[in-house]
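Below is one structure, written out as structure tokens; comments come after it.
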């Protein structure tokens, strides 16, 4: 699918102040040409600037991502598991310890079971074998899906294995956003 190249789609990928400046410039031009329509010309740009500004406030910078991932790698298993559990509780899940060696936690929300595997969070490269065990546990437990977390990277084989399966891979910026600021 080709990437959209409209003015608004371009502004959505820019800093918030770019849309604000474009709106201000068009407001000035419209004010000179036909003053009654000037606010209406600038309004879409103001809305885009507000939306992009809000979205940018909620994202994590690349530097913050690296700091959070480094802090995650330094955590003990007890602390890491409680941070992850708390993160999923904030998202509305009920979290329980799993009784399966292929996963660490069972997450339940809206009657759906999600298996969570995160014990290898310090691995620099996550392979396919743990994902195969996790996929087997999803089938055995009749779970809706599974989540696998690592502070490292997933191997190409692991990425290929998870593609098309009900397994969500969480690493990098997703993990940094999930855990939030660590105290």
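Every number in this text was worked out from the coordinates using simple rules, so none of it is lab data. Here the structure is a predicted model, which means the values were calculated and not measured. Cβ placement follows ideal geometry from the backbone for every residue including glycine, while neighbour counts extend to all protein chains displayed.
Structure above, values below:
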read-out: Estimated inter-spin distance, residue 66 and residue 5, nm [label 7 Å along Cα→Cβ]; value: 3.3
read-out: Label corresponding to Rg and Dmax of the Cα atoms in Å when calculated from the structure given, among [x] 22.2, 71; [y] 15.8, 51; [z] 19.4, 64; value: [x]
read-out: Segment residue 79-residue 168, length gained on full extension (0.36 nm per residue, minus Cα span); value: 29.8 nm
read-out: 0 to 90° range, to nearest 10: angle between helix 16-33 axis and the chain longest Cα axis; value: 20
read-out: Residue 55/residue 86 FRET efficiency (R0 22 Å; Cβ-Cβ; nearest 0.05); value: 0.35
read-out: Extension gain from residue 142 to residue 14, taking 0.36 nm per residue of separation minus the Cα-Cα distance; value: 41.7 nm
read-out: Fluctuation leader among 144, 51, 88 - the chain, Gaussian network, Cα springs under 10 angstrom; value: 51
read-out: In degrees, nearest ten, helix 77-90 long axis to first principal axis of the chain (Cα); value: 50
read-out: Within a Gaussian network of the chain (alpha carbon springs, distance under 10 Å), most fluctuating of 152, 63, 127; value: 63
read-out: Mean residue ellipticity (222 nm) of the chain, computed from DSSP H runs ≥ 4 via -39,500 (n - 2.57), nearest 500; value: -17000 deg cm²/dmol
read-out: Förster radius 30 Å - calculated FRET efficiency between residue 133 and residue 112 (Cβ-Cβ, nearest 0.05); value: 0.90
read-out: Percent of beta bridges antiparallel (DSSP, the chain, rounded to nearest 5); value: 45
read-out: Rounded tilt (10° steps) of 38-58 against the dominant C-alpha axis of the chain; value: 20
read-out: Selected from 12, 169, 69 as most flexible by GNM, with the chain as the system and alpha-carbon contacts under 10 Å; value: 12
read-out: Gained length - residue 120 relative to residue 99, 0.36 nm times residue gap less alpha-carbon distance; value: 5.9 nm
